[in-house]
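Remarks on the structure that follows.
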Amino acid sequence: MKVKKAVIPAAGFGTRMLPAAKSVPKEMICIAGKPAIHYIVKEAVDAGIEDILIITSRGKTAIEDYFDYSPELEMRLERSGKLELIEELHAIADMANITFIRQKELKGLGHAVMHARSFTGDEPFAVLLGDDIMRSETPVTKQLVEQAEKYSCSCVGVKKVETSEISKYCSLGVKALGDGLFDVQELIEKPTPDKVLSNYAILGRYVLTSGIYDLLENAKPGFGGEIQLTDALNLLCRKERMLALEFEGERFDSGNICGYMEASIQLALANPEISDWLKNYMKGLDI
């Protein structure tokens with residue numbers, strides 16, 4: 001089992017980032033000099049992914065433009081002698097083989113993932129949610145890919161969340177195997193307090209087998225009237241083995257203003273070109 005394809009759902013309205021997301025795709029909002037989607041694609045590439053499908057919707061052509069060449073801009077940069085910028089822009093466009101498809105109706109994450117069936121076929125594939133920015137020594141997706149390939153099964157990335165927060169996520173029933181690895185026995189989306197299985201929740205990263213597709217296509221609307229990926233995963237873990245890995249690294253929810261600010265500050269501090277400036281600036285603030 002080799003994982004060479006990734007799917008990035010990026011079709012949502014971005015309501016948590018309004019009013020900015022009204023005219024700018026939330027995936028294109030800048031974080032420390034690069035749009036959020038850049039970090040997601042780079043993580044997939046660094047995990048050894050060769051082909052990426054980005055699922056978009058109306059009003060999100062800026063994402064496609066970002067991963068394309070821009071002849072007019074490049075001509076202007078060439079006339080200005082800024083050849084290094086042209087090389088940087090080409091490197092972005094050439095990061096991976098990127099395909100785009102539109103989700104014409106927004107019916108939930110499970111519905112979005114269904115659109116990838118013709119792209120992935122019978123191959124296993126990674127799913128990276130565009131709101132979740134990860135910072136880790138080893139890319140989180142690579143951590144999951146290594147376990148999925150080792151055990152030839154699906155593997156989801158999890159962390160413990162506060163009891164007061166678990167209702168915002170899915171909750172997993174798991175059996176510990178050691179070294180942060182678990183067998184997944186059950187999942188529930190956005191549980192009420194009496195239905196919480198554990199404080200472990202999936203945080204935006206998955207490696208899935210193609211067995212998920214039949215379950216999604218036959219799925220009924222779940223929480224919020226949407227086709228929930230979690231509901232299909234709950235069935236998949238009963239049909240075939242599924243692992244959960246408590247991944248190494250930090251996760252920032254860039255889909256809300258506080259998480260966006262956290263990601264912006266942390267990634268700026270990790271950027272050697274601006275970290276010293278930012279540290280000095282923050283020291284000078286009267287806070």
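The numbers here are math on the coordinates, done by the rules we state, and not lab data. Bear in mind that the values here come from a model prediction, so they are computed numbers and not experimental data. In this analysis, Cβ positions are derived from the backbone assuming ideal geometry, glycine residues included, and neighbour counts consider all displayed protein chains.
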Q. Against the longest alpha carbon principal axis of the chain, how many degrees, from 0 to 90 and to the nearest 10, is the axis of helix 229-239 turned?
A. 50 degrees
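Relative to the present Cα-Cα distance, how much length would full extension add between ASP179 and SER275 at 0.36 nm per residue of separation?
Values: separation 96, 0.36 × 96 = 34.56 nm, distance 3.35 nm.
Using 0.36 nm per residue and subtracting the Cα-Cα distance, I get 31.2 nm.
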Q. Within the P(r) computed for the range 166-231, what percentage of the Cα pairs occupies the region above 15 Å?
A. 58 percent
Q) Nearest 10 degrees, 0 to 90: what angle lies between the long axis of helix 140-151 and the longest principal axis of the chain (Cα atoms)? A) 40 degrees
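Can you work out the FRET efficiency for the pair LEU18 and LYS150, with r the C-beta to C-beta distance and R0 = 45 Å, to the nearest 0.05?
On the way: r = 42 Å, r/R0 = 0.94.
Taking R0 as 45 Å, the efficiency between LEU18 and LYS150 is 0.60.
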Q: Can you pull the one-decimal nm distance between simple spin-label points at LYS42 and ALA91, each 7 Å off the Cα toward Cβ?
A: 0.9 nm
**Q.** Residue exposure sequence - THR15, THR120 - by fewest surrounding Cβ within 10 Å
**A.** THR15, THR120
(Q) Restricted to Cα positions, what overall size does the range 5-282 have along the principal axes? Three whole-Å values, descending. (A) 61, 44, 39
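Calculate the FRET efficiency for SER70 and PHE100 from the Cβ-Cβ distance with a Förster distance of 22 Å, rounded to the nearest 0.05. Don't skip to the answer; put the middle values down first.
Numbers: r = 17 Å, r/R0 = 0.76.
Once the sixth-power term is evaluated, E becomes 0.85.
For a Förster distance of 41 Å, can you work out the FRET efficiency between the beta-carbons of GLU137 and ARG58, rounded to the nearest 0.05?
Working: r = 38 Å, r/R0 = 0.93.
Efficiency for this residue pair is about 0.60.
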Q | Relative exposure of CYS258, CYS155, judged by other C-beta atoms within 10 Å (fewest first) | A | CYS258, CYS155
Q: Please label the shape of the range 163-203 as rounded, prolate or oblate, based on the square roots a ≥ b ≥ c of the eigenvalues of the alpha-carbon gyration tensor (a/c under 1.5 means rounded; beyond that, a/b larger than b/c means prolate, else oblate).
A: prolate
Q. Roughly what angle does helix 83-93 make with the longest principal axis of the chain, taking Cα atoms, 0 to 90 degrees, to the nearest 10?
A. 20 degrees
Q) If the range 159-287 were replaced by its equivalent ellipsoid, with semi-axes equal to the square roots of 5 times the Cα gyration tensor eigenvalues, what would those be, largest first, whole Å? A) 35, 16, 15
